[in-house]
Every structure is written in structure tokens, then in C-alpha cells.
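The structure appears right after this line, and notes come after that.
The values are calculated or read from the model by the stated rules, or taken from the named source; none is laboratory data. Everything numeric in this text was worked out from a predicted model, so none of it was measured. Ideal geometry is used to build each Cβ from the backbone, glycine not excepted, and the neighbour counts take in all protein chains shown.
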């Protein structure tokens, strides 16, 4: 492939040496262009839907939706940069080497930065989920912290990707954006891959495993505890002797009251279990989406790491070319899937009750802040 904007690695072989390869390149570019257009449309739909949804939600919920919409904006910018790079050949007035070099530097910088930003935003979501489970009262006090975290992540990603502006050049022979094959460039690429993908993924995996283990244990032990309590209540209410005939009626009334309380607790416990099951389903669905999303990035980063560490004469370029096409399609397709996930799951509120949006935001760790009065009685049932 002559185009590798994500890895900034050039394939040192004659890509256009045969008509078959030329057709493959054209098809590959068409696939990437279709993914870019589809992803841009879906992400713009996410941003527009947030505009209408935010008017019907509280401030804390709007703050939560802001975090998710920021990811959609970053994905849109990344896909737009890819689409512009693909369409560069249709702008003949930009064929000056200096202009093309400037476009390459800026375009690759935007793609690297937004990609890293999107992954770190997944880490922010995982961190909020973790705080909601292990520090529930701290989670209820969250106000501007998620936004400050997003701002910090954005600054970090921009600073960590500045080297791209210095490293990337336009190669007129292969018609692509490339980086020099020096030791410094290799070390910079390895550091960038670790900070933009592998480090946040390791932390995300740890936090989400802690969350799912905690929720699974609380869900499995919760019903057993309630059954034991109900048995004690039942034995106590039915096993009280009343030897005096004068207090039989009052004893029967007390038993009836105790049984009614027991039935009320049974109903409450059943409702609580139902809510926990629903939250567990939503939580597992969100975690599966997170794993699926990050897994779609993995082939591209592994390929970059392989090409960075292995000497060029030892590389089988025919195999690498196919792997590169598959990895880049997966890499850029996940930005469109992110938008589809946000539209179908997070923002799917207009046709449903408002409680659905609240429970779904709860599962991703973005519960709206509850009132002080209801904090003690129901925070365990609401937090995931």
C-alpha cells in the first residue's frame, strides 16, 4: 500500500507495478472513503441528537452526555482528515511539494491525536464507572471533574503527538506520507504507540475487570441475604406463642401486620433484583462494546509495532500488504461503530421513558447526581 496515514510507515515495493494491484488500491481507497463518509454522517447525527436531548435532561446528565459527544466530535475530525487525505489527488492545485508536506504533517497529526484522544476517553468512562462502584458518595459529588479530565486528556494527546509535525514528510515517489527510518523516529513511534493505546488499554482492562467482578459478587450475594432476612422475619412472625386467650386477636393482628411487611419486603427485594439484572445486562453490553472497540484498534497497532521493530529485509511485503488493508479497515470502521453505539444505546431516549436513559448512563458509570434525601436509601440499586 502507498497510503498508510495511521502508521506513517511506507511499503517499500512497487505498489502500482501491475493492473491487479492498481485495482486493489482503488478498491481499498473506495472502502476507506465509504467508511469515512458513513462515519461522518453518523457522528454528526450523534451531535445533533445530543443537541435535542440535552434540553430534556438535568445539568449532571448533560455533563455526562458531553463526554460521549466529545468522543463523537473527535471521531468525526479523524474521519474527515482521512477523507481529505484520500481526496488529495483530486486537488491538482495542491501538488506543490511544500503544500503536500504541510498537508501530510497536519493531517497525520490530527488523525493520531484524535485516535489517541478517543481511546483515552474510553479510559475516562472506565474510571467514572470504577468510582461509581467503589466510591459511590464521591461519584455523587462529581460535577466538573469529567470535563476537566477530558480537557487534560486532550492536552496530553496534543503534546504527545507533536513529534508527528516534525517527523512526517511527503514522499513523491510513493505518493504517501512517510517518516524517516532513524533510531529517533523508531523510538518516538514506540513511545507513541505505548502512550496512545497500550497504556490506556491496560488500565481500562484492570478497572473494568474490577467493576464487573464487584457487580457480579454483589448480585450473587444480594438475593441470598434477602432470603435469609425474609426467613427470619417469617419465623419470627409465625412462631410467637400467645397462651392468653384475651390477646389472641391482637396476636393475630400482629402476625398479619408482620406478614404484610414481609410481603412488602418480598416485593421490594424482587424489584431490586429486577433492577440489578437490568443494570448488569446494560453494564455487560457496554463492556462488550468497549472490548470490541478497542480490539478493532489492536491489529493496526500490532502491525505498526512489528514494522517498527523488525528489519525491513526480513519482512514479507505481500503478506504485510493484506494485513495492512484489513487492519486499517478495522481501525477506521470503529469510529463509525462508535457513532452507531451512541445513537442506538446512549441517545435512544425520545421513544422511551426517561428512566431508560438514566439506567443506561448508570451502566457506563455516568449516573446523574441524586438528591441528598434519596442518597442513603437507593444509591446501591442505582449505581453500577
Review point. In the range 19-42, what residues are modelled with pLDDT under 90, surrounded by 14 or more Cβ atoms within 10 Å (Cβ to Cβ) and more than 22 Å from the chain's Cα centre (by Cα)?
Key: 21, 24, 25, 28, 29
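Which residues, taken from the range 173-185, are modelled with pLDDT of 80 or more and either more than 33 Å from the chain's Cα centre (by Cα) or under 20 Å from residue 111 (Cβ atoms) (or both)? Steps first, answer last, please.
To start, the set of residues in the range 173-185 that are modelled with pLDDT of 80 or more comprises 177-185.
Across the range 173-185, the qualifying residues are 177, 178, 179, 180, 181, 182, 183, 185.
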Exercise for review: List the number of the failed condition for residue 175; all other conditions in (1) in contact (Cβ under 8 Å) with a residue 24 or more places away in the chain; (2) crowded, with 16+ Cβ neighbours inside 10 Å; (3) touching a helix residue (DSSP H, G or I) at 6+ places or on another chain (Cβ under 8 Å) hold.
Suggested key: (2)
Revision key, fill the gap. Here the qualifying pairs (Cβ atoms under 6 Å; residues six or more apart or on different chains; first in the range 100-111 and modelled with pLDDT of 90 or more; second surrounded by 18 or more Cβ atoms within 10 Å (Cβ to Cβ) and in a helix (DSSP H, G or I)) come out as 107/81; 107/85; 108/164; 109/164; 110/81; 111/78; 111/81
